[in-house]
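Comments concern the structure below.
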Amino acid sequence: MTESFTSGGVAVITGGASGIGRAAARRAAAAGMKIALVDVNAAKLASIGAELQGVVGADNLVVERVDVADPAAMNGFARQVEQRLGSPTLLMNNAAAFVSGGPGGILDSNDNWQRVFAVNVLGPVNGVQAFLPGMLAAGKPAVIINTGSKQGLTNPPGNPAYNTSKAAVNAYTQNLARDLRERDGCAISAHLLIPGWTTTGDATHRAGAWLPEQVVDYMEAAIAADRFFILCPDEETPNEIDHKRIFWSAMDIIENRPALSRWHPDYKEAFAAFMEQDLPGTQHDEEKK
Ligand SMILES: NC(=O)c1ccc[n+]([C@@H]2O[C@H](COP(=O)([O-])OP(=O)(O)OC[C@H]3O[C@@H](n4cnc5c(N)ncnc54)[C@H](O)[C@@H]3O)[C@@H](O)[C@H]2O)c1
């Protein structure tokens, strides 16, 4: 069983001033961890910093305004964290740009594509490059969680830059997990967190969505069960529906269907019929309970 929130451990969370990152930071504080947070939102960072200081104390907290897209800044932050708190036992690369979509579309500006990739793809890479050498040298059990998205798996039309960046996070994190498990004596595991629809940022909670705390609960249980893919349901979409959507998407390649056939008018009926069938050989969390 792998523990993520361990008393006396060190949690480093990017995008920790809001939403899922903030819920994870609160969970880490409640578990008795030392905490290091980065975010670009100075006001929200100050607010969560003050709150966490009251729980863990100033000596056990590093809160910095750092852009995860900046490798030099992330390296500087990592050296500071190692010096003050020690190397992380939980590294959560969670910050993302354009969470709810930029202007969108294939002809979105080059600047937007560059920024989405710098934050969403190179952010996790920068986090791992900055912290992993110290974590390996420390030789302690640890977890690295990169936050992906269902949009990186099933690729719904509407925000190609975000979808493409999250597909890259999936590919990167699988490579990271394999690299770590091949290292002799390495007790660090990597995990891909795939949230469902979650009320974050300044959004009003709506029926159907999960709260960030539910995502963190689910993440903690999945890591305890040593799972790599942490595919979260929400109140609208159980695992079973996601499993079928992911399966259909993979079958596009095998059956030589058009790209994104799920949204192609010629496949509308076939997709609807497929969703009515059971997927053989899959077990969904809802059935395990
Ligand atoms: N909310 C959802 O429904 C949902 C669904 C799937 C995936 N996700 C993923 O969950 C993760 C957390 O997002 P959230 O929903 O909690 O959103 P959020 O907006 O509440 O939190 C994201 C935080 O990241 C920070 N951030 C953005 N760019 C940054 C940068 N360059 N450097 C440092 N910090 C930066 C933001 O200031 C913000 O505080 C993201 O990776 C997002 O893609 C969210």
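FYI, it's all coordinate maths here, none of it is from the lab. Small disclaimer: the values here were computed from a predicted structure and weren't measured. Counting neighbours? That spans all protein chains shown, and the Cβs are built from the backbone with ideal geometry, glycine included.
How do the peptides 171-184, 252-265, 3-16 rank, highest first, by the average count of neighbouring beta carbon atoms within 10 Å per residue?
3-16, 171-184, 252-265
Relative contact order of the chain: what whole-number percent is it, with Cα pairs under 8 angstrom and at least 6 residues apart?
For the chain, the relative contact order is 16 percent.
Run lengths n ≥ 4 of DSSP H only: what is the helix-derived mean residue ellipticity at 222 nm for the chain, with -39500 (n - 2.57) per run over all residues, to the nearest 500?
-14500 deg cm²/dmol
Report the number of Lys pairs in the chain whose alpha-carbons are under 30 Å apart, with separation of 8 or more residues or on distinct chains.
So the count of such lysine pairs works out to 18.
Compute, for the stretch 7-161, the length of the dipole vector about the Cα centre, with Cβ point charges of +1 (Lys, Arg) and -1 (Asp, Glu) only. Units Debye, rounded to 20.
Once rounded to the nearest 20, the dipole reads 380 debye.
Rounded to the nearest 10 degrees, what's the angle between the helix 212-224 long axis and the longest principal axis of the chain, both from Cα atoms, 0 to 90?
Once rounded, one gets 90 degrees.
For a quick protection proxy, order the peptides 110-123, 135-148, 234-247 by their average other-Cβ count within 10 Å, most packed first.
135-148, 110-123, 234-247
Hey, how many Å between the Cα centroid of the stretch 30-84 and the Cα centroid of the stretch 237-289?
Each part's Cα centre sits 41 Å from the other's.
Residues in the stretch 114-146, backbone N under 11 Å from the label point at ASN75 (7 Å along the Cα-to-beta-carbon vector): list them, ranges by number please.
Once the point is set 7 Å along Cα→Cβ of ASN75, 130 turn out to lie under 11 Å by backbone N, inside the stretch 114-146.
Report the charge-dipole magnitude of the chain in Debye, nearest 20, computed about the Cα centre from +1 at each Lys and Arg Cβ and -1 at each Asp and Glu Cβ.
Value, rounded to 20: 600 debye.
Using +1 at the C-beta of Lys and Arg and -1 at the C-beta of Asp and Glu, which of VAL66, ALA31, GLY134 has the Cα lying farthest in the positive direction of the dipole of the stretch 13-143?
Toward the positive end, the furthest listed residue is ALA31.
Between ARG206 and ASP59, what length comes free when the chain is fully extended (0.36 nm per residue of separation minus the Cα-Cα distance, one decimal in nm)?
Length difference between fully extended and current span is 49.1 nm.
Extension gain ALA259-ALA43, at 0.36 nm per residue separation less the Cα-Cα distance, in nm?
73.5 nm
Near the amide H of VAL63, under 5 Å away, which other amide H atoms are found, from residues 5 or more places off or on another chain, if H is placed in the peptide plane?
LEU37
What is the angle, in °, between the Cα long axis of helix 71-84 and the longest principal axis of the Cα atoms in the chain? Nearest 10 is fine, range 0 to 90.
The angle comes out near 50 degrees.
About the Cα centre of the stretch 144-289, what is the dipole size in debye to 20, counting +1 per Lys and Arg Cβ and -1 per Asp and Glu Cβ, all else neutral?
In debye, rounded to 20, the stretch 144-289 gives about 420.
Just going by the charge dipole of the stretch 211-289, with Lys and Arg at +1 and Asp and Glu at -1 on Cβ, which of LEU231, GLY281, SER261 is farthest out on the positive end?
SER261
Give, in nm to one decimal, the length gained when the segment between ASN110 and SER7 is fully stretched (0.36 nm per residue of separation minus the Cα-Cα distance).
Stretched fully, the ASN110-SER7 segment lengthens by 32.7 nm.
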